[in-house]
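The block underneath contains the structure these notes are about, expressed in structure tokens.
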Amino acid sequence: MSQNIRALSARRGRKQGLLFEALQEAAQATGTLSPVQLRALAEDSLISRASLLGTTSFYDFLAAGNLNKQAYVCNGTVCRLAGKQEAVRVRLETRFTNEQIGETTCLGHCYCGGAYRIGDQCFDAGSDPDSAPGAEAIPFHCHTSHSVFGDNGNEADALYRQIARTLSSTPVSLLNELSASGLRGRGGAGFPFAEKLAACRDAPVGQKYVVCNGDEGDPGAFSDRWLLEDRSQRVLAGMLASGLAINANTGFLYVRAEYPQAQRRVAEAIEAFEQTPAFAQTGFRFHLIRGAGAYICGEETALLNSIEGLRPEVRTRPPYPAQAGLFERPTLVSNVETFATLPWILEHGGAAFAALGTAASTGTKLVSLDRDFNHPGVHEVAMGTALEQVIYGYGGGFRTAVKAVQVGGPLGGVVPVKKIAVLSLDFESFAAAGFLLGHAGIVSIPQEFPMIDFLCHLFTFMAAESCGKCLPCRLGTEKGRHMLVAATVDDPVDRRAFDDLLETLELGSLCGLGSGLPLPVRNILDYFGTELADYFTLEAEHE
Ligand SMILES: Cc1cc2nc3c(=O)[nH]c(=O)nc-3n(C[C@H](O)[C@H](O)[C@H](O)COP(=O)(O)O)c2cc1C
Ligand code: SF4
């Protein structure tokens, strides 16, 4: 029955163009949609006004609160830890009224901190919007014998060669190379890429899609932004090769709203790609989708809903996207870094890629190091490299006293510095020690930053970004936030009730946002119990 309901709800009225793009266009003049615009679009799309309002109110850059906003202060984790937001806001107030200044999470400038945005230009703290053209380029460092992303790959020549190579491979040989490579998805979960590709290829013949997940919402991660801006052709080539392998003729590249420069670069890259005669022969088409500001759109099924113009709530699975994804069609959804890896694998062979990392975590990984490192930026390292080497060797160590690092975004583990020595940068090492590699953004938590404030930040972020579809997360993230904020005043958290809340989130949530939040929270409780003692009334039962 649920299949019929989805098929019915997938019947919408627009004759051409995507509803999501029409909503964004309508909001362009003032930052949000007027009741008149909503009514017109609802009629045109055969969707109720309430549903459409449910969609627009979900997004930071379409909701009523975005009315007339001209500038935004980044409130991502690193900018918060850097404590520069107030100064940035004061500076912006010399040019804008208070109502014209909003907040945004996160601009992906974590290698500097204190980022802000004016119109579609981003700036780092310290840069002057009157004289600087925008933020500086992201520093990139490579530390592997063979760099998978090292070459720019954006030159037309390299691009032509890549297309020719892709066209000369049959879908079967592409799949064989990808299987041999052992490539696992770089978006966080580490699912074997070749398996996903094979599932899409084996889905019944008909319209199929390739979707590149460029939502990179994790504060502290900016490696996808670097790839989208500086290696965009590689991402497109990876999508094209995948499309040929599964017999899909359309690729959607979803780039988050907080990355305006990446959107511009991708648009240029698509134009250049489409002008090459070799590409025209493939019959493949790219479509750039600009996000509108919602962390949950990084979750693959919410992302599909977003492209369809629906409220970006998480979908229940099954069916999986490979079976019924975008507009109910078989869809390959993968991360930017995953796709960007494919050209190197196709050029050098799957075995060469596998030889770069460990047996279970093959290849190289891009790691984002934040402003508290002596060498901040994007670092390419071989999977399996000791975390100590990444942090103190390649990263040059910290330039301030740090007590822990959060690896893998706000749902990633919080690793106290004493544990750095026991970890290596691969999926297995992190999982075995009770952490998570995720997308491998590394955020430093300074010694003097109170862990209770860090906990409040995590819950506040998740409560704001929960899609609201399932009760444990919808209520639990807000309840947890409330308990922690009250503890900072004079009402300590009942540890048993808090542990119950974490268990409910972990076991009862529909997706990784709710079920993943307990991991960093428990890491903090376990490793920083003494610092937090005054904020909790009871010891945990197991202690
Ligand atoms: C709350 C949440 C946020 C996510 N955000 C992202 C994201 O920003 N980018 C991404 O590629 N994957 C993200 N994912 C993972 C995707 O759901 C999906 O697993 C991934 O895009 C698949 O690509 P891969 O196999 O190449 O990793 C997120 C998952 C969850 C639960
Ligand atoms: S866990 Fe949270 S974000 Fe995920 S489906 Fe449930 S409410 Fe939505």
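The values are calculated or read from the model by the stated rules, or taken from the named source; none is laboratory data. Just so it is clear, the structure is predicted and the values come from calculations on it, not from any experiment. FYI the Cβ positions are ideal-geometry reconstructions off the backbone, even for glycines, and counts take in every protein chain you see. Surface areas here come from the heavy atoms of the whole protein model, side chains and all, with no ligands, DNA or RNA. Shrake-Rupley method; radii C 1.70, N 1.55, O 1.52, S 1.80 Å.
Kindly indicate whether any position in the stretch 495-506 is within 9 Å of ligand 2 (Cβ to nearest atom), assigned to a helix (DSSP H, G or I) and among the hydroxyl-bearing types (Ser, Thr, Tyr). No; the residues of the stretch 495-506 include none that is within 9 Å of ligand 2 (Cβ to nearest atom), assigned to a helix (DSSP H, G or I) and among the hydroxyl-bearing types (Ser, Thr, Tyr). Reported count of residues in the stretch 199-228, each being assigned to a helix (DSSP H, G or I) and within 19 Å of HIS287 (Cβ to Cβ), is 4.
Remark: pairs (first residue in the stretch 456-477, without any contact (Cβ under 8 Å) to a residue 60 or more places away in the chain and closer than 15 Å to ASN75 by Cβ; second residue within 12 Å of ligand 2 (Cβ to nearest atom) and among the acidic types (Asp, Glu); Cβ separation under 6 Å; 6+ apart in sequence or on different chains) = ALA463/GLU478.
Taken together, the residues in the stretch 394-406 that are out of contact with any Ser or Thr (no Cβ under 7 Å at 6 or more places or on another chain), more than 11 Å from PHE449 (Cβ to Cβ) and without any contact (Cβ under 8 Å) to a residue 60 or more places away in the chain amount to 4. Set side by side, the residues GLY214, GLY206, GLY182 differ, and just one is touching a residue at least 12 places away in the same chain (Cβ under 8 Å), open to solvent by less than 50 Å² (accessible area, probe 1.4 Å) and within 12 Å of ligand 1 (Cβ to nearest atom), which is GLY214.
Just so you know, in the stretch 218-231 the residues that are open to solvent by 10 Å² or more (accessible area, probe 1.4 Å) and of a type outside the set (Asp, Glu) include one that is modelled with the lowest pLDDT, and it is ARG231.
Residues that are surrounded by fewer than 15 Cβ atoms within 10 Å (Cβ to Cβ), within 16 Å of ligand 1 (Cβ to nearest atom) and closer than 29 Å to ASP426 by Cβ occur at least once in the stretch 503-521. Note on the stretch 467-494: residues that are assigned to a helix (DSSP H, G or I) and farther than 30 Å from CYS297 by Cβ total 4.
Restricting attention to the stretch 522-539, and to residues there that are hydrophobic (A, V, I, L, M, F, W, C) and over 17 Å from VAL407 (Cβ atoms), which single residue is nearest to ligand 1 (Cβ to nearest atom)? If we take residues in the stretch 522-539 being hydrophobic (A, V, I, L, M, F, W, C) and over 17 Å from VAL407 (Cβ atoms), then LEU525 is nearest to ligand 1 (Cβ to nearest atom). Out of the residues in the stretch 363-386 that are polar (S, T, N, Q) and open to solvent by less than 10 Å² (accessible area, probe 1.4 Å), which is nearest to GLY396 (Cα to Cα)? Of everything passing the filter in the stretch 363-386, SER368 is nearest to GLY396 (Cα to Cα). For the stretch 458-472, filtered to residues that are under 22 Å from VAL407 (Cα atoms) and open to solvent by 10 Å² or more (accessible area, probe 1.4 Å), the residue that is nearest to ligand 1 (Cβ to nearest atom) is GLU465. Checked against the criterion of being under 22 Å from the mean Cα position of the chain (by Cα), at positive phi, within 16 Å of ligand 2 (Cβ to nearest atom) and crowded, with 21+ Cβ neighbours inside 10 Å, the stretch 321-335 has no qualifying residue. Condition check: over 15 Å from the mean Cα position of the chain (by Cα) and under 19 Å from SER223 (Cα atoms). Does GLN261 satisfy that? So GLN261 passes the test.
Table: residues versus (1) surrounded by fewer than 20 Cβ atoms within 10 Å (Cβ to Cβ); (2) within 29 Å of LEU366 (Cα to Cα).
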residue: ALA431; (1), (2): yes, yes
residue: GLY441; (1), (2): no, yes
residue: LEU455; (1), (2): no, yes
residue: GLU478; (1), (2): yes, no
residue: LEU484; (1), (2): no, no
residue: PRO492; (1), (2): yes, no
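Restricted to the stretch 22-33, and to residues there that are assigned to a helix (DSSP H, G or I) and touching a Phe, Trp or Tyr at 6+ places or on another chain (Cβ under 9 Å), the residue that is most open to solvent (accessible area, probe 1.4 Å) is GLN24. Among the residues making up the stretch 34-83, those that are assigned to a loop (DSSP other than H, G, I, E, B), in contact with a Ser or Thr (Cβ under 7 Å, 6 or more places away or on another chain) and among the small types (Gly, Ala, Ser) are ALA63, GLY76.
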